[in-house]
Amino acid sequence: MAIEATIIIPALVVFVALVIVLARDALAQQAVGASASHAARAASLERSPGAARAAAESAAGEALRDAGISCSSRGITVDTSGLSAALGDPSSVAVTVTCVIEHDVVLPGFPRERRISEMRISPVDTYRGR
């Protein structure tokens, strides 16, 4: 019985740690994607590129905080070229959010940090004054 326990318990601990790491990765990926969606929508509602960038950064940071994701480094790229499209032309704003997360549980063969990057696009109102 003792030999069986010495074999099964470490394997069970590694399995549980693996589940924790993979679950946190999945949750972080979803949170970064949702953050990019919020940021793209906030940017598409603005009328100037500067205001769109500021709104996107604020919305992304707030969405990540609300999700409980702490990034060791974070980057937000906003493509505001759609805001300068002519009235009546369909256009959009694209936002890419990049977040580097650190795992609490370290397993052999798995990196301590993971870089997650998600891009979302939101349409700009075609007939809104720019």
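Of note:
- Pairing each residue of region 53-66 that is surrounded by fewer than 21 Cβ atoms within 10 Å (Cβ to Cβ) with any residue that is among the hydroxyl-bearing types (Ser, Thr, Tyr) and not in a helix (DSSP H, G or I), provided the two are 6+ apart or on different chains, yields C-beta distances under 7 Å for Arg53/Thr80.
- Yes/no for Arg74 being closer than 24 Å to Arg114 by Cα, basic (Lys, Arg), touching a residue at least 12 places away in the same chain (Cβ under 8 Å) and in a strand (DSSP E or B): yes
- Test result for Ala28, under 17 Å from the mean Cα position of the chain (by Cα), more than 18 Å from Ile121 (Cβ to Cβ) and of a type in the set (A, V, I, L, M, F, W, C): yes
- Residue match in region 96-113 (condition: more than 30 Å from Pro10 (Cα to Cα), touching a Ser or Thr at 6+ places or on another chain (Cβ under 9 Å) and not in a strand (DSSP E or B)): no
- Filtered residue count, region 18-57, keeping only those that are assigned to a helix (DSSP H, G or I), of a type in the set (Lys, Arg) and over 12 Å from Ile76 (Cα atoms): 2
A short reminder: the numbers here are calculations on the coordinates, not readings from a lab. Since the model is a prediction, treat every value here as computed from it, not as a measurement. Heads up, the Cβs are rebuilt from the backbone with ideal geometry, glycines too, and the neighbour counts pull from every protein chain shown.
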